[in-house]
Amino acid sequence: MLVQGVLAEFFYYT
Amino acid sequence: ARLPRSAVLKKILDSVKDLVKETNWDCNEEGMSMQALDTGRIVLVEVMLREAAFESYACEVPMTLGIDMEPFGKVLRCAGGDEKVTIKASRNDQDHIELVFENEEKERMSAFELKLMDIDGEHMAVPDAEWGAEISMPSSEFKKIVMDLAEIGSDLTIAVSKLGVTFTAQGNNCKGSMVLQPSTAVDKKSEQVAISFTEPLEMTFAAPYMKMITKAAALSSTVTLSLDEACPICVRYEMEDNAGHIKYYLAPKED
């Protein structure tokens, strides 16, 4: 089962 | 800032409004840009409208315009696609912007005011990536593939190998895939399919989000998909004449 990733896992907040 | 045709703004609004309800536009001497995340934090959209996009452009001091897309859309619907648009923001009164639409043929002019919002701007840093695969293709073709496969299933898999690029969707009752190979016989660059990759890769994305991302096909005849294993896909539409771009980053689905 695939789950949706979120961008915060890859990018970071500035 | 004066745009020769309101259609550009209408298309940008159409390309982002399903994802973003309100956003800050940063204006400086280079042009107008925005970056926003959808509420689920699954898609990041970036728009750049360079000075070259405008008939005339002047920005004496950098400003941030907090725009609510819904009233902005209502105002833009009042403009004919080929009418000129002038956007005026005053540094003395940062409560609203003025939008003036001019129809030169009919000698008609209309003026609107749009209240600005104070939006807590989140900004995400996107690290420079060395992409494992890049595909450029006609944006209309990408849109058709995504729209068709999104009807089949909610997961859209993109696989790049020496066979070409394969788009696959699987639903409860059916499965479908479409393969594109690099085109050699097409003269026009905007109709070509170009694929480059270092290693074969395969990644899955949410088809409903990918559908929203194809709205920007109206802004550019070509699209570039940049992929890397276990990273968000970058879908980029470059506007003609160095006018700017719209980029989307969509997080993959994972085990």
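What follows draws every value from the coordinates through simple rules; no lab data is involved. Quick caveat, the model's predicted, so the values are computed rather than measured. As a convention, Cβ positions derive from the backbone with ideal geometry for all residues, glycine included, and neighbour counts pool all protein chains shown.
For the structure I just gave you, tell me whether B:Ala79 is out of contact with any Pro (no Cβ under 9 Å at 6 or more places or on another chain), touching a residue at least 24 places away in the same chain (Cβ under 8 Å), surrounded by 19 or more Cβ atoms within 10 Å (Cβ to Cβ) and part of a loop (DSSP other than H, G, I, E, B). Answer is yes for this residue. Checking each residue in region B:93-110 for being surrounded by 13 or more Cβ atoms within 10 Å (Cβ to Cβ) and assigned to a strand (DSSP E or B) picks out B:His96, B:Ile97, B:Glu98, B:Leu99, B:Val100, B:Phe101, B:Glu102, B:Asn103, B:Met109, B:Ser110.
Evaluation of B:Ala129 against the conditions (1) under 24 Å from B:Thr198 (Cα atoms); (2) of a type outside the set (Val, Ile, Thr); (3) not in a loop (DSSP other than H, G, I, E, B) shows that the sole unmet condition is (3). Reported count of residues in region B:124-153, each being within 14 Å of chain A (Cβ to nearest Cβ) and either surrounded by 16 or more Cβ atoms within 10 Å (Cβ to Cβ) or touching a strand residue (DSSP E or B) at 6+ places or on another chain (Cβ under 6 Å) (or both), is 5. Looking across region B:229-252, the residues that are outside any helix (DSSP H, G or I), surrounded by fewer than 21 Cβ atoms within 10 Å (Cβ to Cβ) and not hydrophobic (A, V, I, L, M, F, W, C) come down to B:Glu229, B:Arg236, B:Glu238, B:His245, B:Lys247.
Here's the yes/no breakdown for (1) over 19 Å from the mean Cα position of the chain (by Cα); (2) within 17 Å of B:Lys247 (Cα to Cα):
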{"residue": "B:Cys27", "(1), (2)": "no, no"}
{"residue": "B:Asp38", "(1), (2)": "no, yes"}
{"residue": "B:Ala52", "(1), (2)": "no, no"}
{"residue": "B:Glu70", "(1), (2)": "no, no"}
{"residue": "B:Lys84", "(1), (2)": "yes, no"}
{"residue": "B:Asn92", "(1), (2)": "yes, no"}
{"residue": "B:Ala111", "(1), (2)": "yes, no"}
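Residue by residue, here is whether (1) under 22 Å from B:Ala169 (Cβ atoms); (2) within 12 Å of chain A (Cβ to nearest Cβ); (3) over 9 Å from the mean Cα position of the chain (by Cα) holds:
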{"position": "B:Ala207", "(1), (2), (3)": "yes, yes, yes"}
{"position": "B:Met212", "(1), (2), (3)": "yes, no, yes"}
{"position": "B:Ser221", "(1), (2), (3)": "no, no, yes"}
{"position": "B:Leu225", "(1), (2), (3)": "yes, no, yes"}
{"position": "B:Met239", "(1), (2), (3)": "no, no, yes"}
{"position": "B:Ala243", "(1), (2), (3)": "no, no, yes"}
{"position": "B:Ile246", "(1), (2), (3)": "no, no, no"}
{"position": "B:Leu250", "(1), (2), (3)": "yes, yes, yes"}
{"position": "B:Glu254", "(1), (2), (3)": "yes, yes, yes"}
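Here B:Asp120 passes the criteria (1) closer than 30 Å to B:Leu163 by Cβ; (2) exposed (fewer than 14 other Cβ atoms within 10 Å of the Cβ) except the one numbered (1).
Residue-level analysis places B:Lys144 among those that are among the basic types (Lys, Arg) and without any contact (Cβ under 8 Å) to a residue 24 or more places away in the chain. The condition (being β-branched (Val, Ile, Thr), crowded, with 18+ Cβ neighbours inside 10 Å and touching a Ser or Thr at 6+ places or on another chain (Cβ under 7 Å)) is satisfied by just one residue among B:Val43, B:Val16, B:Val85: B:Val85. Quick check on B:Glu55: is it acidic (Asp, Glu) and touching a Phe, Trp or Tyr at 6+ places or on another chain (Cβ under 7 Å)? Here the answer is no, as B:Glu55 does not meet what is asked.
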